[in-house]
Every structure is written in C-alpha cells, then in structure tokens.
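The values are calculated or read from the model by the stated rules, or taken from the named source; none is laboratory data. If you're wondering where the values come from, they're calculated on a predicted model, not measured in any experiment. A quick note on method: Cβ atoms are made from the backbone with ideal geometry, for glycine too, and the neighbour counts reach across all protein chains shown. The protein model used for the area step is the full one, side chains on, heavy atoms only, and it has no ligands, DNA or RNA in it. Shrake-Rupley method; radii C 1.70, N 1.55, O 1.52, S 1.80 Å.
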Amino acid sequence: MSDQTIPCIELNGKPIPFQAGESIMQAATQAGVYIPHLCHHPDVSPHGSCRVCIVKVNGRVKASCITPAEEGAVVESECDEIRQLRKRLIQMLFVEGNHFCPSCEMSGQCQLQALAYDLNMLDTHFDHFYPNRAIDCTHPDIILDRDRCINCDLCVRASAQIDNKQALSLGGRGQQTHLQANCESGLLKDSGIESQDKAMHICPVGALLPKNNHYPQITGERIYDKAPISEVGNVRPENHQGDQTKGPIS
Amino acid sequence: MEKVNKRQINWIDKNNKMTQIPTLLCMTSPSVPYEIGLTEKHLNELEADHFNGQLNRKDLLQFLIAIQQRFGWICKDAIAWCSHRISQLETGISEQEIRGIIDFYSFLEKEACPPLHLHLSTNVTDYMLGQQDHQAYFETLAKEYPKRFRVTNTSCTGLCDQGPAALLNGLPIPALNNSIREAIRKLVEEQPAKIDVAATFPTPQDNIQLKDQLLNRQLQSGNAIKRVMTNPAEGFLGELNAARLRGRGGAGFPTGFKWQTCADADASQKVVVCNADEGEPGTFKDRVLLHSHIQQVIEGMTIAARTVGASLGFIYLRFEYQYLLPMLTAAIEERVTQNLLGDAILGEEDFNFHLHIHLGAGAYICGEESALLESLEGKRGIPRIRPPFPAQAGYLGYPTIVNNVETFCCVAEVALTGGANFASRQCEGSTGTKIHSISGDCERPGIYELPFDTTVEDILKLVGAKNTQAVQVGGPSGKLLFPELFHEPVNFSHVSSGGSFMVFDESRDLFNVVKNFTDFFHHESCGFCTPCRVGCGVLSETLDKFAKHHASDDDIQHLREMMELMDVASHCGLGQTAAHPVRFLLEGKPDFFKNKETTDSVVKIDIHEETSAARELHLANAGESHE
C-alpha cells in the first residue's frame, strides 16, 4: 500500500495515520502521542466521561477517546484554549472529591495529580464541595476510598471486561453518583474483587488501594518523579517499577 | 390492580434467545393510600400477571415502578427477590446494582414511605402561583403526622398553566388552594381505606386556547395509515422529505433523515419509540396531545413502523403522566381490535406493529433519546456514546427511531394531507405549525397552536401578557428573551422552541428565575461527565452566594468560565445547556447579579450555619461509636 492511501489525521500539525474505526485517542497512542486522559485505558472500551481528553477537531471541542478519526481532520490537543479547559476540569475533579495529596499513598503515581502539575494548576479555583462519602474497609486486601474516586468507571469496565467479574458499578445520580460493590451487602468484601484483579490496579487515582502495600515506590522513584505525565503518559503507572532501594536522599 | 389479556409476541434478543414481551408492561394503577405488607406472593403475582412469569433484566425498571406504585417504596426483600429472579437468567444483577438504579430515579424510594406521599412541583411557575405557602402548610402537616403523610418536592409536573401543582401518590392534583389542602388534611386525619384521587380533586385540564391544523384534526382511526398504504413502505419517506418536517421535541432534527437512516439499516428487528417524557419545565403540550389526540400519535407511530420496517414500539411515558395510563391502554386495545395494531395490520402481510407503554420514574435526562433507550432497557438513564446513533443501533442494539409526541401528530397530518401541503405553510424553512405551552404572567395561559411566523410579541398579545420583562422560550435549556428580541418569530431559524413559553412580568426578580432553573439542572444532571456533574454544582453554589449577598466579581468570572466549559465539553445536551439560564441573564441584564454582590468589605458569616455540616458529621460519628 502506498503512503497516499493510508488515511491520516493532522494532530498538532503532524500527520498521524489511523485504521478505519479507530478513535483519535487510539490513533494518537499508536503514534506515540500522549493526549491527557483519566477515564480512558487502552485495554477497556472507551467511556467518554472525564472529558480531560478534549481536543479541537476542525475547530470544535470533542472528547478524543470517543470521537472517530476521520481523514483530514485537523486536531489540536495542546493549544492554550484546550489546556485551559482541561485545567478547569482537573480543578473541578479536585473540588468535587476530598483529595489530600501530601498523605496519599498514590502521590507521585496518580494521574490526576500528575495532570494538575502538568497543567500548572496552582489552586483549585472553585469552592470545595467537601462531600461526605463512605469509605469501605471491609475487604481483607483492598480499601475503597470514595473520597478520592473520580467516577471514571475504569475499575467497573476492567472488572467486567478483563476480570470477567462485574464486581463493581456506578450507582445513583448526579453529584451522588458513586462507585458501588455489586453484591447483596454492597460491601467490597462480598463483591468478589481480589487484589490481583485488573480492576484493582487500573484506578488512575487512589480510590482502590491495596491494604498491605502502602507507598510501594520510594519518593524520587515514583513514575511522575522521573518525568512529567506529558512525557510518560502512555506508560501505565501500574506497570511502572522504580528502583526500590534508593530515594533522593540515599 | 387491573389485569389485561396478555397478547404476546416473540422477540429475539441480542443473545439470540427467544423471549416474550407482554403487550403492556405497565398496567398497574397506583394505590392511594399505599398498601402495606409486601410479601413474596405479591411479587410472584405481579411477575405472572405482567411479566410472563419471568422477570427480564430489561423489564426491571417497570417492575420496580409497579412495586413503588402499590407499596410506596421498594423494600429490601423486594430488591433481593428481583435480583434473585433476574440472576436466574444469563445476565444477573446484584442487589446493590438495583439500589443504584433506584437511587437514579427520583420517584423510586428505598426507605419506608407513609401511606400518603405528596410531591410538590417546584417549577418557577408553581412558585409564581404561591407554591411556598402550600409547601409550608404541608410540611407542618407532615410534622404532625409523620407516620401517615410525607411531603417532598419534584421537578416540573407539566401543569404550569394550572399550578401550583402536586402529585399525590403519583397522581396529579392541579391548582392547589386552601380547600384542596384542607381536603388532603382530612384524608390524612381520617385515613380512609381507599381514595379516588381523580374523583376527590380537580383533574388536569387540556386548556386549549387556540387550535390550528393538528388540534383541529378529528382523525378517523386508520385513515392516515390507509392513505400511506396505497404506496410502498419507503414511499412515505418522499412525503416526509417534501414536508421538510423537523422534530418537535426541541432539537429540530429533520425527521426524514432520521427515518431514512433507520430504514437503510440492515437488521432483523427495528423499533419505534414515542418520547413522551415531557420533562422540560414549562412544557405540557404533549400531555394534552396524549390526552385528546392519541389517535394521531399512535397513527404516526404506526406509519413510522411501516416506513422503517419496525414491528415493535414503545410510548415512553413520564411518571407524572401515569394518570393517562388507563386511557392510553384502552386506546391501544381498541386499535388492536380494529386491526390497526398487531399482526398483518389492515390485511397487509408483514405489516406488524406491537405497541407497549413504558413508564419513566422521574429523570429529566431520559428525555434525551439515548438515555431514554437505556431507561427502556431498565438501566440508569445515562446518555450513550454517539456514534452509533439510535437510528443505527438503539433499543437492545436494534435500529430505533425516537420522536416526540407532537412529531408523530405531524406525521399523521403529512400522511393525511400530503408532504407538499404540509410544507406549504412555512416560514423561513420551518414547516407546519407548532404547539406552545404557555404559562407565567399572562391572562390566558394554556395551549396555543401557532404558525411559524408568529413573533414573541404576537404571542404575548394573544395570551394577554402585560408589562412583560422577559420570556423563557424553549424551557430552561432554551433562551431567556428580553423586549429587544420580542420581534423575533418563534421558529427553527430564530427562536427555536420545543414548546415551553414562560412569561415574566416586571414584578419578577429574574435572578430567582435563573436560580430555579439552575437548581433544576443540578438536580437532574445524570452525573456521567465531569463538566455537567461538577459544573451544575458549582453554578448552583455560586448562585447561592449571590442570593446571600456573599458574592464578588470573582464569582461572576467563575460563572462565565463555567458557561463556556459546560457548553463545549459536556457529553450531552443537558450539560451543554445547563448554564444557559445564567448566560442569558448575565449577558442580557448583568445588574441582577451586580445588585447581589456584597457591598461590605467584610463578609458577614453565620458561623453556626457555616459549621453545621461539620457538626452534623460529628454527631453522626458520635452516634455510631455509641452503638
């Protein structure tokens, strides 16, 4: 096949080839370009809910994870306007939940925090909601801390599509939308989720946490200590292995 | 509980399993007062009578509604029973998922409810007619008799021209007044075993003020279908395109294009859905059409079925309009006996159309067509990712057309009088007529059918509106118009409207109007996407600050940013338009906000109120630890 017949989109001024049926996000990832995202993961079906992956497609704002790539489409993912909107979205996710980075086990490995740094977020801009959300510590190996949950649905999809369990789902409506365990009690211990499940490790924040493996990476060796998310965004944090023996002070 | 003769059709679901759908999924009238003592026997009977003895996943919402209507709430045992029954099939569902669905729909309750439950409508037009006074009265009554009576709020009940309105155990009571509330008090005090709401209280009126072609039409059942049947099935698409008909639900999408897409789709089954989830505050014309022009609606749906090749249809009826169920059911039954519905309609082989009614359960988002399809499948009403569009893959994956009630009436009109004739009445490309629901500050609120060259000014004159300060056209998701734009015609090119027209005179504080609409969106956001889920909360809280005179210029800036963000980044129309009320007032009359900014350099804070949440949390935790 000659080069002319491969369909391309123009992403940030460069041609990016794509296969028919691929989303802009998929085409970009294939080409090694990172488009910021939270609810997207290449191993599960797209969802389109966090809207962090918004890009401009021929001048219109679209979520790149659910927008099909089309021949000749001009896509901008890093222009000032999009970065500003994206920063506001990240700030909205921060004020909606109860996120306390300094003590969080996922600090340095958290995509929400990494995006906040990358977008130069210096404050949360809006008034905090301070919601009162239930924490579920019933499982012997896993904690569900809804304070940190961003309702991205990744664990729901991973449980259904990779673990074949359907252990989790989203329930409720509007601001009361919440992650729930699919079982009679509604408690994590009865949901069938296990610590080796993909659902457990796919969380982009720290809503699903292991009980016995806190702070697995030494400060300085965490994925986003090494490089900003804009450079390593397509490497999944769950696959990152830092040096376990040395930190910045050693 | 009424019983109907079951007629069944075979239906092949996604897993290629033959299942059967009962003709009318929903045939239970609400109990007033609610019954107590739900047992397994009740559930088994309900399943046997209305769900063919096997509750399916897609019927779950209808089943939950049936329990809700009879007992006023859905208890733990009922949830467990549903989970158990459905989990015997391939696709199981846990109790917690069912609780998650109950939490999504406003009218479903999972906490015990007293025998009488009054929902007071909170549309701005209800407040303009004195709702607050009734609210206070009923709250006092509920405090007096907490075990017998509960009062809560609900979004617009579609009775804006006869407000303030309420629902008693789901059945409408329009035009609340002192004698009605005394009558309700009497019921609470005397606790009769059976209450006939329609006989005890006033019933909703059509209140048609001005008729044109649709409302004048006295359709002889079957006449529109017969005329269409003289041509091959696809022939009607030509008529529809000649009519240049656009959807009447608000978005104005070309009907012919939607149908063509569905007709072109290659599928073993197709579906026609009538969107009767009239949730846009200030809109009530679909209620009137369903009540008095149902033949045109069903005839339009039947023509759609023939044109696209569908044999299954649903009317998605909002919970607030369930009082129409017996009448709609009778209309369907009658048409079945006339061979205008069912198999081989009017003798034409392969012209089969089975029509069912599906009740909503209180979720504005289900008016969005893909959320409506999710709800039809018994799920939480979350708008789907598009493409694929419903006309390509809709209900259970089958190509589905979803049209508004009024659109189907127009279809019947096009079938009767021809597309060219329909298009002959036009203004700048908008063809036919439009039915408006008019409420607010005017002498003659009600239903008006008007041509598309009618201006806002013309309408205001017609309805007897004086000293009009502003008009909200198309509901909260539409436009707030000020006198400078009253010369504009209400049509698809200028001021587009799904049929809501609310008038505000000079005595009204438009800030309160906008706050009411913003709180409405906050309540109704489905919670799927970040911009809408969080944005609606930010808007509501920011307006609260203005209401308390705690706001500053920064807050205006926040509102502006949020308007832009929600408009471009939201997943569906709800989020994209949720900031419209704020936008139109901020751009048109910024003084309504400026007047409410704080004038003090020191903001006065009520420390008791500000710390109340923390105190409640502390008390709750203290309570837990004592247990």
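Please work out which one of (1) crowded, with 22+ Cβ neighbours inside 10 Å; (2) of a type outside the set (S, T, N, Q); (3) within 13 Å of chain B (Cβ to nearest Cβ) is the condition A:Tyr224 fails and give its number.
(3)
Here are some residues: B:Ile298, B:Ile345, B:Ile315. Which one is within 21 Å of B:Val271 (Cβ to Cβ), open to solvent by less than 10 Å² (accessible area, probe 1.4 Å) and out of contact with any Ser or Thr (no Cβ under 9 Å at 6 or more places or on another chain)? It would help to see each step written out before you state the result.
Numbers: B:Ile298 fails: out of contact with any Ser or Thr (no Cβ under 9 Å at 6 or more places or on another chain); B:Ile345 fails: out of contact with any Ser or Thr (no Cβ under 9 Å at 6 or more places or on another chain).
Just one listed residue meets the conditions, B:Ile315.
Just one of B:Thr140, B:Thr122, B:Thr157 is more than 30 Å from B:Thr39 (Cα to Cα) and open to solvent by less than 10 Å² (accessible area, probe 1.4 Å); which is it? Even if it seems obvious, please write down each step before you answer.
On the way: B:Thr140 fails: open to solvent by less than 10 Å² (accessible area, probe 1.4 Å); B:Thr122 fails: open to solvent by less than 10 Å² (accessible area, probe 1.4 Å).
After ruling out the rest, the residue left standing is B:Thr157.
Restricting attention to segment A:25-84, which residues are of a type in the set (Asp, Glu) and within 13 Å of another protein chain (Cβ to nearest Cβ)? Full working, then the answer.
Taking segment A:25-84 and keeping what is of a type in the set (Asp, Glu), we get A:43, A:70-71, A:76, A:78, A:80-81.
Result: A:Glu70, A:Glu81.
Determine the pairs where a residue that is within 10 Å of chain B (Cβ to nearest Cβ) and under 23 Å from B:Ile556 (Cα atoms), located within segment A:110-133, has a partner that is open to solvent by less than 20 Å² (accessible area, probe 1.4 Å) and of a type in the set (S, T, N, Q) with Cβ atoms under 8 Å apart, the partner being 6 or more residues away or on another chain.
Pairs that qualify, where the first residue is within 10 Å of chain B (Cβ to nearest Cβ) and under 23 Å from B:Ile556 (Cα atoms) and the partner is open to solvent by less than 20 Å² (accessible area, probe 1.4 Å) and of a type in the set (S, T, N, Q), are A:His125/A:Gln91; A:Phe126/A:Gln91; A:Asp127/B:Thr542.
Give me a count of the residues in segment B:101-111 that are in contact (Cβ under 8 Å) with a residue 40 or more places away in the chain and either open to solvent by 10 Å² or more (accessible area, probe 1.4 Å) or over 15 Å from B:Gly279 (Cα atoms) (or both). Please lay out each step first, then the result.
In the first step, residues of segment B:101-111 are kept if they are in contact (Cβ under 8 Å) with a residue 40 or more places away in the chain; the result is B:101, B:104-109.
After this cut, where a residue has to be either open to solvent by 10 Å² or more (accessible area, probe 1.4 Å) or over 15 Å from B:Gly279 (Cα atoms) (or both) as well, the list is B:101, B:104, B:106, B:108-109.
Number satisfying all stated conditions: 5.
Go through segment B:126-156 and count every residue that is over 23 Å from the mean Cα position of the chain (by Cα) and among the aliphatic types (A, V, I, L, M).
Matching residues across segment B:126-156 total 3.
For residues that are open to solvent by 10 Å² or more (accessible area, probe 1.4 Å) and at pLDDT 95 or above, tally how many sit in segment A:165-174.
Within segment A:165-174, the subset open to solvent by 10 Å² or more (accessible area, probe 1.4 Å) is A:165-166, A:169-170, A:173.
From what's left, at pLDDT 95 or above: A:169-170, A:173.
So the answer is 3.
How many of the residues making up segment B:546-574 are closer than 18 Å to B:Glu597 by Cα and more than 8 Å from every other protein chain (Cβ to nearest Cβ)?
Of the residues in that region, 14 qualify.
For A:Ala167, all conditions in the list (1) hydrophobic (A, V, I, L, M, F, W, C); (2) without any contact (Cβ under 8 Å) to a residue 60 or more places away in the chain; (3) closer than 23 Å to A:Pro131 by Cβ hold save one; what is the number of the exception?
Looking at each condition in turn, A:Ala167 falls short on (3).
Identify the residue in segment B:391-426 that is under 28 Å from the mean Cα position of the chain (by Cα) and assigned to a strand (DSSP E or B) and, among all such residues, is surrounded by the most Cβ atoms within 10 Å (Cβ to Cβ).
By that ranking, first place goes to B:Thr400.
Among the residues of segment A:197-221, write down those that are assigned to a loop (DSSP other than H, G, I, E, B), of a type in the set (A, V, I, L, M) and either crowded, with 21+ Cβ neighbours inside 10 Å or within 13 Å of chain B (Cβ to nearest Cβ) (or both).
The answer is A:Ile202, A:Val205, A:Ala207.
Could you identify the single residue in B:Thr307, B:Thr283 that is buried (at least 24 other Cβ atoms within 10 Å of the Cβ) and in contact with a strand residue (DSSP E or B) (Cβ under 7 Å, 6 or more places away or on another chain)? Before the answer, list the steps.
Values: B:Thr307 fails: in contact with a strand residue (DSSP E or B) (Cβ under 7 Å, 6 or more places away or on another chain).
The match here is B:Thr283.
Within segment B:163-191, track down each residue that is touching a residue at least 40 places away in the same chain (Cβ under 8 Å) and surrounded by fewer than 23 Cβ atoms within 10 Å (Cβ to Cβ).
B:Leu168, B:Asn169, B:Leu171, B:Arg181, B:Arg185, B:Leu187, B:Val188, B:Glu189, B:Gln191
In segment B:252-272, which residue that is within 21 Å of B:Glu374 (Cα to Cα) and out of contact with any helix residue (DSSP H, G or I) (no Cβ under 7 Å at 6 or more places or on another chain) is surrounded by the most Cβ atoms within 10 Å (Cβ to Cβ)? Step through it out loud before you land on a result.
Start the filter on segment B:252-272 by keeping residues that are within 21 Å of B:Glu374 (Cα to Cα), which leaves B:253, B:258-259, B:261-262, B:265, B:267-272.
Filter again for out of contact with any helix residue (DSSP H, G or I) (no Cβ under 7 Å at 6 or more places or on another chain), leaving B:253, B:258, B:261, B:265, B:267-269.
Numbers: B:Phe253: 14, B:Lys258: 22, B:Thr261: 16, B:Ala265: 19, B:Ala267: 17, B:Ser268: 7, B:Gln269: 17.
Among them, the one singled out is B:Lys258.
Would you pick out the residues in segment A:165-196 that are within 13 Å of another protein chain (Cβ to nearest Cβ) and either assigned to a helix (DSSP H, G or I) or out of contact with any helix residue (DSSP H, G or I) (no Cβ under 8 Å at 6 or more places or on another chain) (or both)?
A:Gly174, A:Gln175, A:Gln176, A:Leu187, A:Leu188, A:Lys189, A:Asp190, A:Ser191, A:Gly192 - these are the residues of segment A:165-196 that are within 13 Å of another protein chain (Cβ to nearest Cβ) and either assigned to a helix (DSSP H, G or I) or out of contact with any helix residue (DSSP H, G or I) (no Cβ under 8 Å at 6 or more places or on another chain) (or both).
Restricting to helices (runs of 4 or more DSSP H) lying wholly in segment B:500-599: which have 2 or more residues that are in contact (Cβ under 8 Å) with a residue 12 or more places away in the chain and open to solvent by less than 30 Å² (accessible area, probe 1.4 Å)?
Numbers: elements: B:510-524, B:530-547, B:553-569, B:573-577, B:580-588, B:591-594.
Output list reads B:510-524, B:530-547, B:553-569, B:573-577, B:580-588.
A:Pro102 versus (1) in a helix (DSSP H, G or I); (2) open to solvent by less than 40 Å² (accessible area, probe 1.4 Å): which is the lone unmet condition?
Going through the list (1) in a helix (DSSP H, G or I); (2) open to solvent by less than 40 Å² (accessible area, probe 1.4 Å), A:Pro102 breaks only (2).
Need pairs with beta-carbon distance below 6 Å; first residue at positive phi and within segment B:270-299, second open to solvent by less than 10 Å² (accessible area, probe 1.4 Å) and of a type outside the set (Gly, Ala, Ser); sequence gap 6+ or separate chains.
Going by the 6 Å Cβ cut-off, the qualifying pairs are B:Gly282/B:Cys160; B:Gly282/B:Met502.
If a residue has to be closer than 30 Å to B:His119 by Cα, of a type in the set (A, V, I, L, M) and outside any strand (DSSP E or B) to count, how many in segment B:344-390 make the cut?
8
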